[in-house]
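Here is the structure we will look at.
The values are calculated or read from the model by the stated rules, or taken from the named source; none is laboratory data. The model shown is predicted, which means the values in this text are computed figures rather than measured ones. Glycine also receives a Cβ, built like all others from the backbone with ideal geometry; neighbour counts cover every protein chain displayed.
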Amino acid sequence: MVDPDAPSRAEPKYREWYHWGVINVPDTNLNEGEVVATYIGAGPPQGTGLHRYVILIYEQNERIQFTEDHLGFSMKDRPSTKVQQTAKKHNLRLLAGACFQAEYDDYVPVLYSKFPDT
């Protein structure tokens, strides 16, 4: 799951902000996959308007030996991780996608307060 509008739709300098990633999912059992980026919900900064959140589902031909650092509940490295580069590196085929929009609300400061590095 990525936010292509980070930090704002008007100036998306990160173009993608990585919110969630799971690999090596057996069949359709997401709970048994390997979490490489811990889920962080939508949290657009105040004054940045609507953000699109895109969930992409890829097909793996074989098990991925993930050698990069897993992204825990932290802001670190999320703006620099690019899903398209990862898909190309591991020969993944896009199967489906979905999206939703969200904007700043009263929960965003609560979400941000949970990060150790904000």
Original post:
Phe66 versus (1) exposed (fewer than 10 other Cβ atoms within 10 Å of the Cβ); (2) part of a loop (DSSP other than H, G, I, E, B): which is the lone unmet condition?
Top reply: (1)
Original post:
Does Pro26 satisfy being part of a loop (DSSP other than H, G, I, E, B), under 18 Å from Gln85 (Cβ atoms), without any contact (Cβ under 8 Å) to a residue 24 or more places away in the chain and more than 12 Å from the chain's Cα centre (by Cα)?
Top reply: no
Subject >> Residue pairs meeting the criteria (Cβ under 6 Å; at least 6 apart or on separate chains; first part of a strand (DSSP E or B), in the stretch 4-22; second at pLDDT 90 or above) >> reply: Trp17/Asp3; Trp17/Ala6; Tyr18/Val2; Tyr18/Ala37; Gly21/Val36; Gly21/Ala37; Val22/Gly33; Val22/Val35
Original post:
What number of residues within the stretch 69-112 satisfy the criterion of being of a type in the set (Ser, Thr, Tyr), within 30 Å of Gly47 (Cβ to Cβ) and surrounded by 14 or more Cβ atoms within 10 Å (Cβ to Cβ)?
Top reply: 3
